[in-house]
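Undergrad: My questions all concern the structure below.
The values are calculated or read from the model by the stated rules, or taken from the named source; none is laboratory data. All of these numbers come straight from a predicted model, not from anything done at the bench. Neighbour counts run over all protein chains shown; Cβ positions are idealised from the backbone, glycine included. The area values use the complete protein model at the heavy-atom level, side chains included, leaving out ligands, DNA and RNA. Shrake-Rupley method; radii C 1.70, N 1.55, O 1.52, S 1.80 Å.
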Amino acid sequence: MKLQIPSFAPSKGSDSAQLNIVEFGDYQCPFCEKFFKQNEPQILQDYVNTGKTKFYFLDFQFLGPDSQTLGQGAWCANEQGKYYDYHDYIYSHQGQENSGWATPDKVKTLAANISGLDSVKFNSCLDSNKYQSRVQQNTQIGQSLGVSGTPTVFIGNDQKGYISVVGAQPYDVIKQIIDKQLG
Amino acid sequence: MGVTVMKSAFHSVFRNPPYVAASILISAFTFFIFILVNNFSTFVTVLSLNASPKLFLDVTTNGAANILDASGVAMFSSIIAVSILSGITISMIIYQMRVARSFGGKKNLASFGGILGGAFSSACSACSTTLASILGAAGGLAIFPLKGLEFSLPSIAILVASMYFISKGLTESGKCKI
């Protein structure tokens, strides 16, 4: 499977890493939260911080209007270099799906707690809806790759192709695929 | 009356240890199938890795934990109940086929409908776009007032009814006696 990572996608890890790990997730999805808490720290520790892989998170926002707002918020935070700070904070404070925990006003309140983020700029960006099309674009990229649920994680590179894992699966599954692709 | 009929049939079937063993195995297998159908792509990926049996077990237990996390104790218990009732019902159908030389007809087919209902109400380990589009709303089975018990409880009722009809058939056929 081929995967063209959008040039605007922020990443964690070294540019010389052999492999890419690309997660498509919805900020409201409880299984993405589980992946964030259960797998992401271990992936970062074992593979990203050691220079073996790069990690990308792309929003695949399909769980209703709150998801759209959260997705746009991520790109507004990215304007200030806070994409992953936002990602980490939102998943650490995830609310019940479409319960109103992520209306534009609530997202602004949440984002105000992110260290170093300029709230005025963030709020203005979110109000402008300027990233609505990017959120939709990322979801379309995921759909074109066959993403049918979140989280879906693609592991590989252009030469070896990508292997996907759907759902919050045990870390050992992810680890074995990474090791196989590295080998 | 119904309880007496079922007690009598249960006694006939499950006094034989092989049927007890079959019932336990089928229950466990049914529960595994519920997890398999909801995590199918992961099992395929693990298979392609030539992974150890432990990894299959990890994916299975993780799938069970995800059902519990996503759907809660009531839903998880109902899925366990569907699995156990499926094991008992299928063992009784096997007994009926072997001893009474009869499948039992459409009423027994209904029990498979009950098992399918259990499979549908088992949550997968991902937020599914398919389920969201089928139900016309985000949130999967969680959008229902009873969080998906609407599907698993009828499954339990269908399986209990099937057990009753199988029991009745066994008793009335008079062929329970070997």
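Undergrad: Applying the selection to the stretch A:132-170, what residues are touching an Asp or Glu at 6+ places or on another chain (Cβ under 9 Å) and closer than 17 Å to B:Ser48 by Cα?
TA: A:Val153, A:Phe154, A:Gln169, A:Pro170
Undergrad: Please verify whether the stretch A:154-168 includes one or more residues that are over 22 Å from A:Lys82 (Cβ atoms), buried (at least 17 other Cβ atoms within 10 Å of the Cβ), facing chain B (nearest Cβ under 7 Å) and polar (S, T, N, Q).
TA: Within the stretch A:154-168, not a single residue is over 22 Å from A:Lys82 (Cβ atoms), buried (at least 17 other Cβ atoms within 10 Å of the Cβ), facing chain B (nearest Cβ under 7 Å) and polar (S, T, N, Q).
Undergrad: So A:Thr150 passes all but one of these: (1) surrounded by fewer than 19 Cβ atoms within 10 Å (Cβ to Cβ); (2) of a type outside the set (A, V, I, L, M); (3) in contact with a helix residue (DSSP H, G or I) (Cβ under 6 Å, 6 or more places away or on another chain). Which condition number does it fail?
TA: Only one criterion in (1) surrounded by fewer than 19 Cβ atoms within 10 Å (Cβ to Cβ); (2) of a type outside the set (A, V, I, L, M); (3) in contact with a helix residue (DSSP H, G or I) (Cβ under 6 Å, 6 or more places away or on another chain) is unmet by A:Thr150, namely (1).
Undergrad: Can I ask one more? On the basis of being more than 12 Å from every other protein chain (Cβ to nearest Cβ) and open to solvent by 60 Å² or more (accessible area, probe 1.4 Å), does A:Asp59 make the cut? Spell out how you get there, then give the answer.
TA: Numbers: more than 12 Å from every other protein chain (Cβ to nearest Cβ): yes; open to solvent by 60 Å² or more (accessible area, probe 1.4 Å): no.
Judged against the criteria, A:Asp59 is not a match.
Undergrad: Residue check: is B:Ala81 assigned to a helix (DSSP H, G or I), touching a residue at least 60 places away in the same chain (Cβ under 8 Å) and among the small types (Gly, Ala, Ser)?
TA: So B:Ala81 fits the description; yes.
Undergrad: Might you check whether a residue that is buried (at least 22 other Cβ atoms within 10 Å of the Cβ) and closer than 30 Å to B:Thr45 by Cα occurs anywhere in the stretch A:98-109?
TA: First pass over the stretch A:98-109, keeping only residues buried (at least 22 other Cβ atoms within 10 Å of the Cβ): A:102, A:107.
Narrowing the set further to residues that are closer than 30 Å to B:Thr45 by Cα leaves none.
No - not one qualifying residue is present in the stretch A:98-109.
Undergrad: Which of the residues spanning the stretch B:53-71 are more than 9 Å from chain A (Cβ to nearest Cβ) and at pLDDT 85 or above?
TA: So in the stretch B:53-71, the residues more than 9 Å from chain A (Cβ to nearest Cβ) come out as B:53, B:56-57, B:60, B:64-65, B:67-68, B:71.
Residues satisfying the conditions are B:Pro53, B:Phe56, B:Leu57, B:Thr60, B:Ala64, B:Ala65.
Undergrad: Being among the hydroxyl-bearing types (Ser, Thr, Tyr), part of a helix (DSSP H, G or I) and open to solvent by less than 50 Å² (accessible area, probe 1.4 Å), is that true of even one residue in the stretch A:62-70?
TA: Here is the first cut: in the stretch A:62-70, the ones among the hydroxyl-bearing types (Ser, Thr, Tyr) are A:67, A:69.
Now narrow it down to the ones that are part of a helix (DSSP H, G or I): A:67, A:69.
Then keep just the ones that are open to solvent by less than 50 Å² (accessible area, probe 1.4 Å); that gives A:67, A:69.
Looking for residues that are among the hydroxyl-bearing types (Ser, Thr, Tyr), part of a helix (DSSP H, G or I) and open to solvent by less than 50 Å² (accessible area, probe 1.4 Å), one finds at least one in the stretch A:62-70, hence yes.
Undergrad: Next question, about the same structure. Can we say A:Ile90 is surrounded by 15 or more Cβ atoms within 10 Å (Cβ to Cβ), within 15 Å of the chain's Cα centre (by Cα) and among the β-branched types (Val, Ile, Thr)?
TA: Details: surrounded by 15 or more Cβ atoms within 10 Å (Cβ to Cβ): yes; within 15 Å of the chain's Cα centre (by Cα): yes; among the β-branched types (Val, Ile, Thr): yes.
The answer is yes for A:Ile90.
Undergrad: Working carefully through the options B:Ala51, B:Ala22, find the one that is part of a loop (DSSP other than H, G, I, E, B) and open to solvent by less than 60 Å² (accessible area, probe 1.4 Å).
TA: Numbers: B:Ala22 fails: part of a loop (DSSP other than H, G, I, E, B).
Answer to the selection: B:Ala51.
Undergrad: Related question: Specify the residue that is modelled with the lowest pLDDT; the eligible residues are those in the stretch B:72-87 that are among the β-branched types (Val, Ile, Thr) and surrounded by fewer than 22 Cβ atoms within 10 Å (Cβ to Cβ).
TA: Step one: filter the stretch B:72-87 for residues among the β-branched types (Val, Ile, Thr), giving B:73, B:79-80, B:82, B:84.
In the following step, the residues that additionally are surrounded by fewer than 22 Cβ atoms within 10 Å (Cβ to Cβ) were identified as B:73, B:80, B:84.
Details: B:Val73: 87, B:Ile80: 90, B:Ile84: 93.
For the stretch B:72-87, the residue satisfying everything is B:Val73.
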